[in-house]
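Below: the structure, in structure tokens.
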Amino acid sequence: MLCSYSSSDNEKQNESNEQQQNESNEQQQQNECEINEINKEKRKKKCEFCNENESKYCCPACQLFTCSLNCSKLHKLKLNCSGKKDATKFIAINQFNFLNLVDDYTFLEEVNASTKEAASKRNKKTMLARHLQTLVRRAAARKVDLYLMPSIMTKRKQNTSFFQFKQQTLYWRVEWIFDQAQLSVVNNRIADTENLLNVINQHLKSNLNNELIKPYLFDLNDQSSINWNLRMLVPHQNASKPVWYEADFSSTIRKALEGKKIIEFPTIHIILKTHLDKYPIFQNTNSTSTSNSTSNSNSNSNSNSN
């Protein structure tokens with residue numbers, strides 16, 4: 001009984017497969033017939049441009065039948081025809097044939113290919129070069145959030161910062177702005193191990209001819225003679241209400257940049273103390289809330305122990 005049952009099932013399956021194959025062959029023959037009929041119609045027509053010879057070509061855009069390349073070119077000029085088929089043109093369902101189906105399938109394939117190509121190009125453009133990836137990674141290791149702009153931006157092109165593997169040192173491009181002296185100077189490549197006071201002092205000495213720079217002058221051996229402070233603009237804040245990082249002028253560049261967000265390279269403002277009220281200090285609410293929660297938890301633990 002088992003054998004007879006399995007053999008009958010196999011026969012039914014074979015019959016079903018044969019029937020599907022026959023239907024597929026019939027559909028293919030029908031499609032071929034449709035194509036042949038369309039081609040016959042094209043061959044029967046005379047050239048609709050010169051009206052002399054039998055047509056050989058059909059314009060994909062305007063469906064005009066022409067007999068030669070010359071007639072095809074002339075019809076494009078006189079009728080202002082692009083010669084390209086409108087892939088989105090509406091076709092009524094009763095006029096839809098196999099060729100239209102092939103056209104639609106081809107159009108969808110082209111759209112899919114162009115989408116993949118565009119995505120690939122976009123990924124290549126947004127991918128950072130290896131030396132820039134290293135720069136961002138090494139900055140992060142120094143607790144600096146470094147943001148890089150698109151390659152077409154001026155600030156990106158100006159950035160000469162890099163990491164020196166042999167010395168294990170990060171060299172920054174640093175812009176120094178003496179706001180009240182209306183002076184801006186740049187170090188294209190300066191090691192983050194350099195002391196801020198020494199660098200600022202060098203810039204002051206090289207600009208002694210500027211009368212406005214005199215209030216900034218100080219004695220390296222006497223920090224009480226310093227009449228200014230350092231500020232760095234905090235990025236990604238309300239532009240109408242800018243806030244500023246405070247930097248310790250007695251530290252190194254590396255230490256001064258710790259815990260700060262920087263776009264491309266540091267821009268350090270040297271502000272006279274009489275103008276500091278115009279540069280409000282950034283209050284890190286996250287760190288404040290963290291410290292408050294820590295102190296609360298400590299107080300709670302103390303009270304519980306008591």
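Below are the figures for this structure:
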| quantity | calculated |
| --- | --- |
| Filter result for the condition that a residue is closer than 23 Å to Thr274 by Cα and either among the charged types (D, E, K, R) or open to solvent by 80 Å² or more (accessible area, probe 1.4 Å) (or both), over Asn209, Asn201 | Asn209 |
| Residues being within 21 Å of Glu258 (Cα to Cα) and open to solvent by 20 Å² or more (accessible area, probe 1.4 Å) - total across the stretch 175-190 | 6 |
| Whichever residue in the stretch 175-188 is in a strand (DSSP E or B) and touching a residue at least 40 places away in the same chain (Cβ under 8 Å) and, among such residues, is farthest from Lys255 (Cα to Cα) | Phe178 |
| Failed item in (1) open to solvent by less than 70 Å² (accessible area, probe 1.4 Å); (2) under 18 Å from Asn195 (Cβ atoms); (3) in contact with a Leu (Cβ under 8 Å, 6 or more places away or on another chain); (4) not hydroxyl-bearing (Ser, Thr, Tyr), with Arg254 passing the rest | (1) |
| Helices (runs of 4 or more DSSP H) enclosed by the stretch 70-160 - at least 3 residues per element that are closer than 30 Å to Ile253 by Cα, at pLDDT 85 or above and open to solvent by 100 Å² or more (accessible area, probe 1.4 Å) | 130-141 |
| Residue within the stretch 163-174 that is surrounded by 15 or more Cβ atoms within 10 Å (Cβ to Cβ), without any contact (Cβ under 8 Å) to a residue 40 or more places away in the chain and basic (Lys, Arg) present | no |
| Output for the stretch 197-230, where each listed residue is part of a strand (DSSP E or B) and without any contact (Cβ under 8 Å) to a residue 24 or more places away in the chain | Asp219, Asp222 |
| For Thr193: the one exception among (1) assigned to a loop (DSSP other than H, G, I, E, B); (2) farther than 25 Å from Asp222 by Cα | (2) |
| Residue match in the stretch 200-221 (condition: on the phi > 0 side of the Ramachandran plot and modelled with pLDDT under 90) | no |
| Near pairs, Cβ below 6 angstrom, 6+ apart or cross-chain, from the stretch 103-121 (under 15 Å from Ala87 (Cβ atoms)) to any residue that is open to solvent by less than 80 Å² (accessible area, probe 1.4 Å) | Phe107/Ala87 |
| Residue among Phe249, Phe218, Phe265 that alone is crowded, with 17+ Cβ neighbours inside 10 Å, among the aromatic types (Phe, Trp, Tyr) and within 33 Å of the chain's Cα centre (by Cα) | Phe265 |
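The values are calculated or read from the model by the stated rules, or taken from the named source; none is laboratory data. No experiment lies behind these values; they were computed from the predicted model shown. Virtual Cβ from ideal backbone geometry, glycine too; neighbours counted across all protein chains shown. Calculation scope for accessible area: heavy atoms of the full protein, side chains included, ligands and nucleic acids excluded. Shrake-Rupley method; radii C 1.70, N 1.55, O 1.52, S 1.80 Å.
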